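Q: Structure provided below as structure tokens; questions to follow.
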Amino acid sequence: MKKRNRQTSATLSVTILLLTAVITSAEQTAAAEAAASLEATSTAEPIVRGTIVETQAETQKEQAEENIIEETAIYTGLADPHTAEFKIDGEAAAFQLEEGLMEQLANWRSGTQVELRYTIKTFDNLPDVRQLVLHEVEMTDKKNDE
């Protein structure tokens with residue numbers, strides 16, 4: 001009985017080792033085939049340059065430049081570090097500020113007349129939401145400048 005158990009145990013050990021070797025070999029073969037397939041279809045230059053965020057920002061900026069809206073408005077004030085409020089035709093509107101604009105607006109007085117250059121950003125998953133993004137603002141009423 002003991003001899004039979006040893007033979008069975010030895011047979012099981014050999015079987016496990018063989019299965020492990022076969023599985024490892026199959027995984028290595030599949031990985032090599034995938035790498036060869038990838039090399040065969042790749043181009044000399046990478047398809048994606050920069051990070052996804054950089055690429056999205058560049059695309060948004062290019063689209064924004066095509067759809068710039070210019071309007072005269074009255075500066076109301078900063079709502080927070082990245083949002084400013086202006087009145088356009090008597091209606092208040094909040095604008096998201098591009099980098100550097102908050103510092104420009106921080107010392108301006110409420111009531112200052114300005115020229116705005118902005119775009120309207122929409123969202124596919126929120127069709128009723130529109131975000132006004134301010135790209136440039138110039139004071140046209142210098143007497144209110146501090």
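The values are calculated or read from the model by the stated rules, or taken from the named source; none is laboratory data. Model, not experiment: these values are computed from the prediction. Every residue, glycine among them, receives a Cβ derived from its backbone with ideal geometry; neighbour counts consider all protein chains shown. Accessible surface is based on the protein model in full, side chains and every heavy atom, while ligands, DNA and RNA are left aside. Shrake-Rupley method; radii C 1.70, N 1.55, O 1.52, S 1.80 Å.
Q: In whole Hz, what ³J(HN,Hα) sequence does region 67-79 give by Karplus (6.51, -1.76, 1.60; θ = phi - 60°), x for Gly and Pro?
A: Per residue, the Karplus-derived 3J(HN,Hα) values read 10, 5, 10, 10, 8, 8, 8, 10, 6, 9, x, 8, 8 Hz.
Q: Once amide H atoms are placed 1.01 Å from N in the peptide plane, what residues at a sequence separation of 5 or more from residue 98, or on another chain, have their amide H within under 5 Å of its amide H?
A: 134
Q: Leaving out ligands, DNA and RNA, and with a 1.4 Å probe, what % of the accessible surface on region 65-146 is carbon or sulfur?
A: Working: 2280 of 5390 Å².
On region 65-146, the fraction of accessible area on carbon and sulfur atoms equals 42 percent.
Q: Report the calculated FRET efficiency for residue 99 and residue 128 (r = Cβ-Cβ distance, R0 = 30 Å), to the nearest 0.05. Don't skip to the end; give the middle numbers.
A: Numbers: r = 28 Å, r/R0 = 0.92.
Efficiency, from the Cβ-Cβ distance: 0.60.
Q: Another one. Taking all pairs of distinct Cα atoms, average 1/r, flip it, and tell me the Kirkwood hydrodynamic radius of region 78-146 in Å to one decimal place.
A: Numbers: mean 1/r = 0.0780 Å⁻¹.
Computed over region 78-146, the radius equals 12.8 Å.
Q: Here is a further query. How much length would be gained if the chain were fully extended between residue 113 and residue 87, taking 0.36 nm per residue of separation minus their Cα-Cα distance, in nm to one decimal?
A: Answer, rounded to one decimal: 8.4 nm.
Q: With every protein chain left in place, what is the accessible area per residue of region 76-146 in square angstrom, probe 1.4 Å? Let's see the in-between values first.
A: Numbers: 4610 Å² over 71 residues.
Accessible area per residue: 65 Å².
Q: Amide H of residue 76 versus every other amide H placed in the peptide plane: which residues, excluding those fewer than 5 positions away on the same chain, fall under 5 Å?
A: Amide H neighbours of residue 76: 85, 86, 87, 111.
Q: Whole-Hz ³J(HN,Hα) for each residue in region 121-133, computed from phi via Karplus 6.51 cos²θ - 1.76 cosθ + 1.60 with θ = phi - 60°, x for glycine and proline: what do you get?
A: Computed from phi, the couplings for region 121-133 are 9, 10, 10, 4, 7, 9, x, 8, 9, 10, 10, 8, 10 Hz.
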